[in-house]
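Peer 1: Handing you a structure now.
Every read-out reported here was derived from the displayed coordinates using simple, explicitly stated rules and does not represent laboratory data. Computed from a prediction, not measured in an experiment: that's the story for all the values here. Positions of Cβ are generated from backbone atoms using ideal geometry, with glycine treated the same way; all protein chains shown enter the neighbour counts.
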């Protein structure tokens, strides 16, 4: 079903509504309490919540399955955990915060002297009021995490220690959802779903992508959009292992995490460095009114590590607000729902929608009258008299599009070179196209039918 | 007639004399009062003045002639215009300033109440003492322009309004002059001749190029130099339309406008960005002692817009002092003869002559003894003892020329890389050539006879 | 004898010992008093001193021999020189400082009035306590050099002037030493030996290279290392003239001079600008903890001028502390043994050894499991728990090596891109290689036998 049948790619703009921030926040808040880890019921419950919004396909990979160099882990499920002092009072209680138990802690039911117990407690001495977030996926161990200030108040006595967890064969679970476009070429949007009650990292990313997927339903697009909700590292690796040939269809991609705080935005480029996704996000952020940080690829971070491993080298970047590890709230109990705001979620969401909008509508046009400028005035293409700023910008955009639509420059190229917003450049192109001064040179997707003429003013 | 017959390309230096600034100013002052527009007697009178200095070819293109996407306009000629108040006093008088009438105003002879009249008056409220410069070439309209302070003093009464203009079929007029060099390859120098009494924009450019053309008479050059005096936009388009094949002979070019104020200099690169003209002007300005601004090409400005349209993409840049639109005097009555100075005209002229000098004499030389340095001392090529600054610079220039005359670098390349003035590098090359240590590798113009040996110290 | 037979290229690290600075200083002090010039016994004595440490080959080229554009000079030897005043007191005495006599001064034995004598005296009026260093190799002349303060105290009387020198046919002398490696490809290390009692320029360079050559004895290397001790300019030219074909075997090279002061370090890149030597030295200095200055090539300086002449264009850079000519001590009596320090010599020496270490061990490896990251934890390749800084850096290095070992990037490339020290990157590569996650793709020297497997952790 080609977009030409009445579809308007600019409907993407319509996805950006003022209530989007609240809606994303609301879903983040809903999934916040779930005790997620890399495999187990926490992931399942989270995917079920997503599935209540979009038609998510849920995949279950048996523990022990080989995925590249890795093995699908056992499931970890936990019912309760606490430390009771000699008086029988719970000095640490999993029911109060699931961060209190190191993820993948083996079951424990014992009584320990303080000295011994301390060897199993993580704290943050420099942030004494915060509970750290810790994991031990692949080394069998157990531990509690607690505020250093409370840790210091522990009396030298005997403690009852209980972790009522199970670590047993089951499944590694991930979900994916495909928004089908004209082309089989894909835009990947990926969020990790393995962190417990951390709001920004990554309830925010899960909620943003869920909202986006839901809003895109019915929208005709050139690309197909694959939404992947998978546990960090092992989930992305499992997906790649099971989709090794499909991966080459990914023409653009974003890993989305920590999108609700006030920082950044931070964009880490794909390993390629100059992929369309890198140029598109950079352009959007440059015109966002925010103070973006654009960073080169490095092989540490989130699942872009896997998508950008040299055997795949996919054009997938990382979109965040504050960069992972750069803020005191990172991987602590301070990353709670008060740390993310609807406004910041809306800004992040808008930037991602605008990026998609660029990728969808970028293309090369040809100046149909390349010798000298055409006479814009007789076509009403000059800005209205009086010199309004917008009119002047539109006139500049028209001149830029005419001058650089030489077969070597697409709209995004022209937007970058002119430093004008892509939307203004695209609007100029459409105006010129409507007057026969510009023709679409080629579709942006080689395999797709020509979309010349899809877009009318 | 090859330059080898006694010609010395360095005679170009001789064109820079202290009186050049006064001479250019003087001619700018002479043509300042003429009421120019894009077609009509104003242009003709201006071209006649130029023709009194150089053998200008004047071309007349009938109104209505199609030139690419445009049509040669009707002529606009004006005898008088005024607004008289109820007392019969002229509150606006074309005889006092031709800026008072919007260019291409249709004839008017009527009586209007103030309210109605005001809809036909342009002012600059933020610069209340200045008359704006306005045009309406392609929309039939009429208007007066006046100082806002005077506009505010207009009494609420009835006014007699007269514009004694004619808008009728005639000719679009432009002039060109060719200084013939050894080669048919051309250096284009272009000034717009369509603005009324604005001194900097562009009496200054017209006068500078007229002076240059006159001074170049008799000078043997490698390139041919085409001087084009044409109305902005439509004139350049008409020239290109009538010289579509010849355009490819243009190897270098400058649009010259607003060259008499104290600003800049400003150089806007050609669309190519790294053409010889771009590198030569940049180099000259970098060593000018002034505070130049080098800007990338953008498709807004003067006639470089046409020369750099994608169907031509000629290596033509824009040379100015202050950039168009960047100063309060721009397109107002403050752009009068007091705004331009002989000193600034001389600086602009010198920069253009030095640019031509580079283009004329740039070339690739080959180190005849490329293994190790030759012994300079035994040839007297080391600077005099005592370490004078000039001698040290000359020694450095000799070492740079020797080291980089490897077949891949021309003199301008070496001047850029060493950050030494081109003239110093060239002098070093000539000294080395005279001692047989350097040979001319190839002519700068492929079609021209080899000029190796043209230049002796 | 391939390096695989038990050799460990990292033994290069072992060459850096704390006593190296003292040892280099000590040898510099030993050769400091010798009155060197470009040909004569001063050079011979210096080479003999070097030969007492390494098996130097000494070459003697007869005066008058043509070497490219130059001619081997006569020898200059001097026994004594002085100026006696009317009282018979020596007001200038060669025995006190060999800087007092301009190098290559012809013999003189005369009596002169002060006015006449002054025409043969060089001083530094702005540094009145220092004796300048002056030469006149190719113009027959004589002169004394003295402190300006003493010069001003000379009474107006008659002086006895004696320079007991001989300028006669003999030999131009230079020494070279070859440390043979697996390959005939060479790393050139060159120091000039023509300056008299100047400690930094270049007793420091001579001593550093002598120490290095001695320490490398017995070390198995991939490259052969050619140490050249030759008079500046004429010596390098003579070597190149006699080794014209061998020069192409030089794959990397450093000219080493002024390496004992506290400045810089300063590295002037080879003419190529992006040679391995340029990238290696830049990388080492960037991680040296010092404040390096990296400069582009210019054709003025030391013997890199000859090695980088366009007919050779060898990848040879210049390593210094303060740049020649940039400090007040340069070419004056203030460049004495108090101006150089063992600590600075050690820093310079370390940087050069580390550079050699990079060149020796750089190479391209291939990620053996390029799809997704391999599981580092199960192999013990993750840093120890607790987040030690070194462990974190090692983990990052492992990730960088895995991600960029794609066949297009060598270890030095990865070190530059990650901004991690080469040694850390190399250690990561060896660790990965030991675990079968990385394989050596190709030897760094095409002609050499594969060195894959040479290096075990």
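Peer 1: Closest to the A-onto-C rotation axis, which residue of chain A has its Cβ, and how many Å off the axis is it?
Peer 2: Residue with the nearest Cβ, plus whole-Å distance, for chain A: A:274, 12.
Peer 1: State the three equivalent ellipsoid semi-axes of the protein assembly as shown, derived from the C-alpha gyration tensor as the square roots of 5 times its eigenvalues, in descending order and whole Å. Working shown, then result.
Peer 2: Numbers: eigenvalues 720, 715, 148 Å².
The three semi-axes for the protein assembly as shown are 60, 60, 27 Å.
Peer 1: Roughly how tilted is helix B:276-286, in degrees to the nearest 10 and between 0 and 90, from the longest Cα axis of chain B?
Peer 2: 90 degrees
Peer 1: Shielding of B:65-72 by partners, i.e. mean partner chain Cβ atoms within 10 Å per residue? Mind showing how you got there, number by number?
Peer 2: Values: counts 0, 0, 1, 7, 10, 6, 2, 0.
Mean number of neighbouring Cβ atoms from other chains: 3.
Peer 1: Could you pull the copy-to-copy label distances for residue B:118, with points set 7 Å along Cα to Cβ, in nm to one decimal and sorted shortest first?
Peer 2: Here the equivalent label points are 8.6, 8.6 nm apart from this one.
Peer 1: Listing A:112, A:212, A:254 from the residue with the fewest other Cβ atoms within 10 Å to the one with the most, what is the order? Don't skip to the end; give the middle numbers.
Peer 2: Working: A:112 16, A:212 22, A:254 28.
Sorted ascending by nearby Cβ count, the order is A:112, A:212, A:254.
Peer 1: As I understand it, the value is the acute angle between the Cα axis of helix B:342-361 and the longest principal axis of the Cα atoms of chain B; what does it come to in degrees, rounded to 10?
Peer 2: 40 degrees
Peer 1: Okay, moving on. If neighbour count is taken as other Cβ atoms inside 10 Å, put A:168, B:373 in order from fewest to most.
Peer 2: Working: A:168 11, B:373 23.
By the 10 Å Cβ count, ascending: A:168, B:373.
Peer 1: Need the C-alpha centroid separation for the range A:394-441 versus the range B:160-183, integer Å.
Peer 2: 33 Å
Peer 1: Report, largest value first, the span of the C-alpha coordinates of the range A:298-401 along each principal axis, in whole Å.
Peer 2: So the extents along the principal axes, rounded to whole Å, are 64, 40, 19.
Peer 1: Right, next: The range B:212-281: D in µm²/s via Stokes-Einstein (Kirkwood Rh, Cα pairs, 20 °C, 1.002 mPa s)?
Peer 2: Values: Rh = 14.4 Å.
Reported coefficient: 148 µm²/s.
Peer 1: What are the distances, in nm and sorted shortest first, from the label point of residue B:246 to the label points of the same position in each other copy, with each label point placed 7 Å from Cα along the Cα-to-Cβ direction?
Peer 2: With the label placed 7 Å along Cα→Cβ, residue B:246 yields 6.5, 6.5 nm.
Peer 1: Beyond 16 Å, what share of the Cα-Cα pairs of the range B:252-310 is found? Please give it as a whole percent. The partial results should precede the final answer.
Peer 2: Working: 730 of 1711 pairs.
Value for the range B:252-310 (Cα pairs over 16 Å): 43 percent.
Peer 1: Still on this structure, please answer the following. How big is the convex hull of the Cα atoms of the range B:143-277, per residue, in Å³? Walk me through the intermediate numbers first.
Peer 2: Values: hull volume 23.3 nm³, N = 135.
Output value, Cα hull per residue: 173 Å³.
Peer 1: Over the range C:177-332, calculate the relative contact order: mean separation of alpha carbon pairs under 8 Å at least 6 apart, over the residue count, as a percent. Show your work: numbers first, answer last.
Peer 2: Details: 304 pairs, mean separation 45.0, N = 156.
For the range C:177-332, the relative contact order is 29 percent.
Peer 1: In addition: Using only the Cα atoms, what convex hull volume per residue in Å³ does the range B:166-245 have?
Peer 2: Details: hull volume 8.2 nm³, N = 80.
Expressed per residue, the convex hull around the Cα atoms of the range B:166-245 is 103 Å³.
Peer 1: Give me the distance between the Cα centres of the range C:18-64 and the range A:68-127, rounded to whole Å.
Peer 2: The distance from the Cα centre of the range C:18-64 to that of the range A:68-127 comes to 71 Å.
Peer 1: Please report, largest first and rounded to whole Å, the three semi-axes of the ellipsoid equivalent to the range C:244-366, where each semi-axis is the square root of five times an eigenvalue of the C-alpha gyration tensor.
Peer 2: They are 25, 19, 12 Å, listed from largest to smallest.
Peer 1: Which angle between 0 and 90 degrees, to the nearest 10, do you get for helix B:20-31 versus the longest principal axis of chain B when only C-alpha atoms count?
Peer 2: For B:20-31 against chain B, the angle is about 20 degrees.
Peer 1: Residue C:150 label points, 7 Å along Cα→Cβ, one per copy: pairwise distances from this copy to the rest in nm, shortest first?
Peer 2: 8.3, 8.3
Peer 1: Considering all alpha-carbon pairs of chain A, what whole percent are spaced by more than 44 angstrom?
Peer 2: Numbers: 22254 of 104196 pairs.
The share of Cα pairs beyond 44 Å in chain A comes to 21 percent.
Peer 1: Now, a different point. I want to check the label-to-label distance for residue A:296 and residue B:149. Put each point 7 Å from Cα in the C-beta direction and report it in nm to one decimal.
Peer 2: 5.9 nm
Peer 1: Oh, and also: Order of C:284, A:161 from fewest to most other C-beta atoms within 10 Å?
Peer 2: Details: C:284 26, A:161 20.
If I rank by nearby Cβ atoms, fewest first, I get A:161, C:284.
Peer 1: Sticking with this structure for a sec: Kindly give the semi-axes, whole Å and largest first, of the ellipsoid equivalent to the range A:1-127, taking each as the square root of 5 times a Cα gyration tensor eigenvalue. Can you show the working numbers first?
Peer 2: On the way: eigenvalues 358, 93, 33 Å².
Semi-axes (√(5λ), whole Å): 42, 22, 13.
Peer 1: With 5 Å bins from zero, work out the P(r) of the range C:96-193 over every alpha carbon pair and list the percent per bin.
Peer 2: Here the calculated profile for the range C:96-193 is 2, 10, 17, 18, 15, 9, 7, 7, 5, 4, 3, 2, 1, 0.
Peer 1: Given the DSSP H assignment, sum -39500 (n - 2.57) over each helix run of at least 4 residues in chain C and divide by its residue total; what's the result at 222 nm in deg cm²/dmol, nearest 500? Write out the running numbers ahead of the final one.
Peer 2: Working: 13 runs with 130 residues, N = 457.
Roughly -8500 deg cm²/dmol at 222 nm, from the helical runs in chain C.
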